[in-house]
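Right, one structure below, let's go through it.
What follows is calculated from the coordinates using simple rules that are stated; it is not laboratory data. Just so you know, these numbers come straight off a predicted model, no measurement behind them. Cβ placement follows ideal geometry from the backbone for every residue including glycine, while neighbour counts extend to all protein chains displayed.
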Amino acid sequence: MKYTLGALTFFLLLVACEEEIDYEGSILNEEDKGMVVTAWVTNERLPQTVHLNQLLGVQDVDQEAPPIEGAEVSLEVGEKTWTLSEVEPGIYRTDDSWQASPGDSLYLSISWNGENYSASTYMAKATDFEPFLAYSSEELGIEAGEDVKNWPVIPFLTNQFGYDDAARWQLRFTINIPDFPPQDTNKYEVFFTHPNLETNGLLSLESIDYKRVPDSTVMTLRKYSLSDEGYEYYRSVLTETDWSGDLYSTLPGNVPGNISNGAYGFFGASQVIHKTRILHVE
Amino acid sequence: MRLFYIALALLCCSTVSGQNPDITLGQLIAEINADSHYQVVYSPSRLDTTQQISATTKTLSLEALALELQARYQIEARIKGNRIILSRSQNVKHSLSGYVMDAESGETLIGASIYCPSTADGTITNYYGFYSITLPEGSHQVVCTYVGYQPETLEVVLNASMQQDIKLSPASTALGPVIIEAGSIEASETVAQTSTHFIDAQAIESAPILLGESDAIKSIQTLPGIKTVGEGSSSFFVRGGGLDQNLILLDEAPVYNPSHILGFFSVFNTDAIKNIEVYKGDIPAHEGGRLASLVDIRTKDGDNQGFRMAGGLSPISAKLTLEGPISKGKSSYILSGRRTFLDLFYRLSSGDGDIWFYDLNGKVNAQLSGTDKVFFSFYHGKDLFELNPSYTIRWGNSTGTFRWNHIYSNKLFSTLSLVTSDYDYNIGIPLETQTDIAWNSGIRDYNAKLKFTHYLSPKITLYYGFNSIIHQFDLGSNIASKDLLEWENAGFASFNFQHQGWNISAGLRASQATLYGPFTHFEMNGSQQVIDTIAFKNGEQVSSYGGLEPRFSASYTTPSSWKFSLSANRSRQYLQLLSNATGGFTSFDLWYPITKNTAPQVSDQLAVGIESPKSNALQFTLEAYYKDMQNQLDYIDHAQIIENPALEAYLRQGDGKSYGIELGVWYSYKKWKINGSYSYSRSLRQIEGINDGKWYSATFDRPHDLKIQMQLTGIGKWDFMANWALASGRAVTLPIGFYKFDDRTIPVYSERNGERLPTFHRLDVSARFTPKGLTEKRWKGEWIFSVVNAYNHHNTYSINFGRAVTADGNIVDPKFDHVRTNAVSHTYLLGILPSITYQFKF
């Protein structure tokens, strides 16, 4: 708490303070801590993973979620069914034969403790794209210090791919310079696009940023297609987490899930297109 | 008075005959005296013998003549022996009218009572201090009373309608504390029956104060049935209505955001306020546009007798008021300003950011003639709250009011008001990936209103007129522009009838509003998804709504002075505030018109009440109400509200209801005055697409609400005051659990506003010290010592989960040293807040 001494009197300045309390709100009993399913599969021919956990109580928020072990988990795509193996407590995985394509409907089923849970989703098609081009600082007319003068620059516009299809994008830079700070050698960021009116706030703006990286940096841009339901799920997650608590937040609300029988979480599917470039000033 | 009699014998037959077609009353008397054995007796000073009467009266029998004189000429004829006594009928009445004003300053007094004991007739002054009472011809005693003033008794002789201004002297020159006479004073003009409170300037000044600032809104928040969302808020919620459902008028101009410093103080400078009327229901037909309440704040006219100066220095601000005559006794001015210096402390304490406000009130009035009076008043205020140089919130209100009061006759009074109000709101937004931007919203009003008050008889008063408002909106833009126009019109008529304990008011308001482009309409499907857009050009009609708003109230006061009342009314509202507020102050503030997708809000309220006799030392009022609301707005979950042209896609409209009981108690004993209120109420919403379509609590739904005020006055040079409040916690949406996804911790909630913050309670105390001997001097100063939150209770503002705690019990960022995680903490706004204020009048 901040104190200020005035000429006439002293008073506590109007600054909010925080202190620990004994919470008297609703607290879940152990038996009420339902199942949480998080599963997002792709069309990549790789083993796909499903996570099963219990809900964390409000006073366990920083704990590891208790895994749900011993469940029977399967994935169906068309006529084919994969039974998943529990590779670690609460982590269930398909074998290498996994195969799914854009336009497929996928079905997840789980049996645990005498209860059945299920979810279905749709793998939307991702359209092709051209990745970012690299320019010199001089070409773009932006200032650069002597040490980074020859580094390639990426003009980064969140909406430069348009909003023709819903997608989650992952932009990763891998820098192969021995003396480069290790925490900066493998960075990525995520952004979203959507064909309907772009109502997710600030992303709709014509924003421009410039990302400058050392020469020969490997840039990988992965595009994950999103169904409308999947996009709404991600948008809700962001409003409840990254975007929560700022000046433009509204009332909190539950992130919509698609798992039956009262389980929390989401089962989604994406087609993935990825492109990799080694960046040089072109 | 000199009297003389004329006696005349009337003819033995009881028929009066005559030949002349037109005669005067004197001629008739002369003929009767000459031609009959009756003598006609009358008082020349009270009977006009030149009055023309029909010659046919002479053909009537004596009995018929008496009836004719009575019915057509208001002349009473009584036969006593061989005398006919003529007198002006007691049914002949004249109007006594004028202004009631402060004898020292000339300030008109609103709500002053004028009472005639001999006839038991009474009235009260209207918003402009004007009264009109109709009394039988003759001599009367008229008593005028007003809270804080010595009663004045006048002897009037009414032979014709006359104008008589009444000057009241203050009961004490000292600033004596006065408890808000909630519920015990009837509202002016409409003589409203229920749900009305009257607060005068002394009552506001007497309430315990926050950091040296007495506050009008804080006084309103102490009234039964009026709720807040907690500390540090100038917002209030009336009988289950939303924040935007309160019509706050400052000299008839709407104030769209009454908050200074994020709501810790209101924009109303108490030095400039004359009084406040609060209508929680039973809003008179001449006012409209909001569902829940009318808060009618009137500023002082200024002293028309001599120059005065008043001021004060509190820990956060300095203020100064100047007033005086322009032409002594005829015109005056008042100018009052405040400026906080909290910014100096804020910079000292944090070094980053800024916070300040200022406001200025002014008013001039002039008595142009015996029948014409004009006023011009204005308000201008600005606020800045800056978290850091990029994150800023600015807002401000400006209002201007021109009024012309005209007295057409002793029975007809009119007011023409031309009003403007301008509200601007601005957020400076820092962005990581681009240049910082500004987001603006606002509303500007141009309002013309003509109202007639017609004192038809002692029992019946009529009110009628029309109101036309142009609202101009800025619906959120990067460059401020108010180019969207809504035109709201209303015609109104009402009457008030008082007779033998009955007091009935009924009225009708017909209202209509039309929205004109430029505007982009978003066509939506059943799932509220945008499927098409329609662009309306400048001036093109977008949408139009209208309807009737009946208002009715009635009360009956028994011979033993118990009062029973009932009111029923409908209100319509053609604009709404979109905000993201869960606390008191909204950081997203957007006034929004009616559109094709958002219909006007409508409410129907029924209230009943009982009030104990006002003469008792212990008084109480008990009211119960039920309110049904339509087209209530709320956001769906995860709404994106800023920089979103299709904001309507995230809005839903549905039903609301509220109900409750309100108890007010007033007790006075020697130097003690105690009042208290308790209310139990609920405010619920049911909107498709929200909370699975189930009923849920509004944010401000706080069922139990207890407030107690105590005053102990005249203990030597000291007065003491205390306020204690106890209320249910605010309804909030809190998580019941969490899960992890993509390295994020996602909360899971039970239902919207399904939890409550802990019970709120707080004690505020203050003491006023008036140095000895100063009361006789022109310079009057006083010291006010106040302690807000005297026992330092930490009322919860918000609850936080997953906090890290040090060994000392401090909440820290998890990246710092800590011994424990997963703690639950709460944020509170106020600790104990002592302050000293010096106020003076000169």
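Worth pointing out:
- Model label sites at B:M309 and B:A171, defined 7 Å from Cα along the beta-carbon direction, differ in position by 3.1 nm.
- Pairwise FRET efficiency - A:D62 versus B:D813, Cβ, R0 = 22 Å, nearest 0.05: 0.95
- Cα gyration tensor shape of the range B:656-753, rounded if a/c is under 1.5, else prolate or oblate by comparing a/b with b/c: oblate
- Cα centroid separation, the range B:276-290 to the range B:36-106 (Å): 43
- Applying a DSSP loop filter and a limit of 15 other Cβ atoms within 10 Å to the trypsin sites (Lys or Arg not before Pro) in the range B:587-682 leaves B:K614, B:K670, B:K671.
- Inter-part distance, the range B:454-496 to the range B:765-842, computed on C-alpha centroids, equals 42 Å.
- Stretch gain in nm, segment A:V87-A:V190, where the contour uses 0.36 nm per residue and the Cα spacing is subtracted: 34.3 nm
- The label point for B:Q630 and the one for B:Q163, both projected 7 Å from the Cα toward the Cβ, are 4.7 nm apart.
- Stretchable slack from B:S668 to B:K614, in nm (0.36 nm times residue separation minus alpha-carbon distance): 18.3 nm
- Cα gyration tensor shape for the range B:288-424, rounded if a/c is under 1.5, else prolate or oblate: oblate
- Protection proxy ranking for B:711-723, A:232-244, using the average of other Cβ atoms within 10 Å per residue and placing the highest first: A:232-244, B:711-723.
- Residues with amide H under 5 Å from that of B:G98, placed H, sequence gap 5 or more: B:Y131, B:Q164
- When each of A:L221, B:L590 is scored by the number of other beta-carbon atoms lying within 10 Å, the sequence from fewest to most is A:L221, B:L590.
- Three-way shape label, the range B:294-745, alpha-carbon gyration tensor, a/c 1.5: rounded
- Using the Cβ-Cβ distance between A:Y107 and A:I142 with R0 set to 45 Å, the FRET efficiency works out to roughly 0.35.
- Cross-link reach is defined here as a Cα-Cα straight distance under 14 Å, omitting same-chain residues fewer than 8 places apart; for B:K780 none of the aspartates and glutamates meet it.
- Under the Debye formula (equal points on every Cα, no solvent term), log10 I(q)/I(0) of the range B:22-88 at q = 0.13, 0.27 Å⁻¹: -0.29, -1.56
- Exercise: per-residue mean of other protein chain Cβ atoms within 10 Å, B:303-315: 1
- Listed residue pairs exceeding 28 Å between alpha carbons, taken from B:K363/B:K627; B:K167/B:K280; B:K93/B:K167: B:K363/B:K627; B:K167/B:K280
- Where trypsin sites (Lys or Arg not before Pro) fall in DSSP loop in the range B:466-551, at most 14 other Cβ within 10 Å: B:K537
- Rounded to whole Hz, the Karplus (6.51, -1.76, 1.60) HN-Hα couplings of the range B:218-224, x for glycine and proline: 5, 5, 4, 5, 7, 6, x
- The long axis of helix B:62-73 is offset from the longest Cα principal axis of chain B by roughly 40 degrees.
- Nearby lysines by direct alpha-carbon distance to A:K33 (threshold 21 angstrom, same-chain neighbours under 8 apart not counted): B:K740
- MRE, 222 nm, helices only [DSSP H, n ≥ 4, -39500 (n - 2.57), over chain B, to nearest 500]: -1500 deg cm²/dmol
- Residues in the range B:486-517 reached by a label modelled at B:L606 [backbone nitrogen below 19 Å; 7 Å Cα→Cβ]: B:505-507
- Contour excess over end-to-end distance, with Cα ends at B:Y678 and B:Y791 and 0.36 nm allotted per residue: 38.5 nm
- Measuring against 24 Å, Cα to Cα, the residue pairs B:K382/B:K482; B:K563/B:K657; B:K373/B:K451; B:K670/B:K841; B:K300/B:K449; B:K670/B:K717 contain B:K563/B:K657; B:K670/B:K841 as the ones spanning a longer distance.
- Modelled label reach - B:F840, point 7 Å along Cα→Cβ, the range B:305-339 residues with backbone N closer than 19 Å: B:307-324, B:335-339
- Candidate cross-link partners of B:K707 among the aspartates and glutamates, defined by an alpha-carbon separation under 13 Å and a same-chain spacing of 8 or more, comprise B:E662, B:D764.
- Residues B:I479 and B:D532, FRET efficiency given R0 of 30 Å [Cβ-Cβ distance, rounded to 0.05]: 0.65
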